[in-house]
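What follows is calculated from the coordinates using simple rules that are stated; it is not laboratory data. Everything numeric here is computed off the predicted structure, so don't read it as measured data. All Cβ positions, glycine included, derive from the backbone under ideal geometry; neighbour counts span all protein chains shown.
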Amino acid sequence: MSPTARGVLAIICACMIWGLSGMFYKLLVHLPAIEMMAHRTIWAAVFFLIVLGVQGRATAPFAALTRRRDLPIIVLASLMVGANWFTFVFAVQIGKALDASLGYFIFPLVAVFLGLLVFGERLSRVQTAAVILAAVGVITLTAGLGVPPWISLILGITFGIYGMLKKGLDLGPITSVTAEAILLVPLAVGLLIWVHLQGGDALGVSWAETGLLMLSGPITATPLILFSYGARRVALASVGLLSYLNPTLQFLVATLVFHEFFGLWHGVAFGMIWTALALYSWSRWHQDKARSRLSQSA
């Protein structure tokens, strides 16, 4: 198997884990989302450190936290990824997995907008139209339901800001996300201690539940590792297109497995956003193809 094929397979596996993970968190729906988040953070950090330890790089994230230039960025990134992880679990628990899938459909276009706003990146007319159409889709859903899709917006914006912050870090993806998780661990441990002092079962009421809580670490960490592996071996345009597998699976789980309500306004808004994504992806594909031809002819 070629390196590109291995990369594509890794990204598909990562997106499948992300897309189907809602069913896992549904098994722990009786736990408060903040408590679930604490376990997810702790066990993800443990898993990341084990992986880095096997690679002989266990000290790398701690070294990154001592760099004055990188520390503020890592702190902000940890807050964004923490908010994203918590919001997704919370959405699944309150029956809003459909809103979560919308958030990850919105994310690529949020990233485009941030690139324009922060980095001065230029958009073609088609790409501009795609961003506007996605915004109209969100406005339409807000008008139809009478309330903004807060969960979708929080997920899309936090992940978009997270990606923007990562551009400013000269660290490997596993090292940086491990450092981010390490920063959140004291908060997570403190929360579980508080739960215990309040008479709660901070480590689960049974061995089975404890095992599920510990499993949240690998479920969080493994797709990040697979995605970072694949992204280094696959063209950026292909990475973007393959990434839509994640929210597509989330959408299918929400509607077919969780049987969440999908009404007319959802259909209109999703249709607009899917069209926007198709337009943007088509435009980017043509841009990348043109750049490839220029580089070959140079």
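Tabulated data for the structure shown
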{"item": "Listed residue (ILE34, PRO3, LEU192) projecting farthest to the positive dipole end of the chain, Cβ model", "result": "PRO3"}
{"item": "Alpha-carbon centroids, segment 107-151 and segment 1-41: separation in whole Å", "result": "26 Å"}
{"item": "Segment LEU76-VAL46, length gained on full extension (0.36 nm per residue, minus Cα span)", "result": "8.7 nm"}
{"item": "Compactness of the chain as Cα Rg over 2.2 N^0.38 Å, two decimals", "result": "1.03"}
{"item": "Estimated vicinal HN-Hα couplings, Hz - segment 174-183 in sequence order (Karplus 6.51, -1.76, 1.60; Gly, Pro = x)", "result": "6, 4, 5, 5, 5, 4, 5, 5, 4, 5"}
{"item": "Highest average packing first - 11-18, 97-104, Cβ atoms within 10 Å", "result": "97-104, 11-18"}
{"item": "Contour excess over end-to-end distance, with Cα ends at ILE132 and VAL189 and 0.36 nm allotted per residue", "result": "16.3 nm"}
{"item": "Packing-based ranking, highest mean first, of 165-174, 111-120, 85-94, 35-44 given that Cβ atoms within 10 Å are counted", "result": "35-44, 85-94, 165-174, 111-120"}
{"item": "Cβ-defined net charge surrounding ILE11, 12 Å radius [Lys, Arg +1; Asp, Glu -1]", "result": "+3"}
{"item": "Gain in span if fully extended, GLU121 to ARG6, counting 0.36 nm per residue against the direct Cα distance", "result": "38.3 nm"}
{"item": "Estimated 222 nm signal from helices in the chain, with DSSP H stretches of n ≥ 4 weighted -39500 (n - 2.57), rounded to 500", "result": "-27000 deg cm²/dmol"}
{"item": "Length-normalised contact order of the chain in % [C-alpha pairs under 8 Å, at least 6 apart]", "result": "40 percent"}
{"item": "Net charge contributed by nearby residues that have their C-beta within less than 14 Å of TRP150 (K/R +1, D/E -1)", "result": "0"}
{"item": "Counted charge near MET36, where neighbours are those whose Cβ lies closer than 12 Å (Asp, Glu -1; Lys, Arg +1)", "result": "0"}
{"item": "Calculated FRET value between TRP282 and SER206, using beta carbons and R₀ = 51 Å, to 0.05", "result": "0.50"}
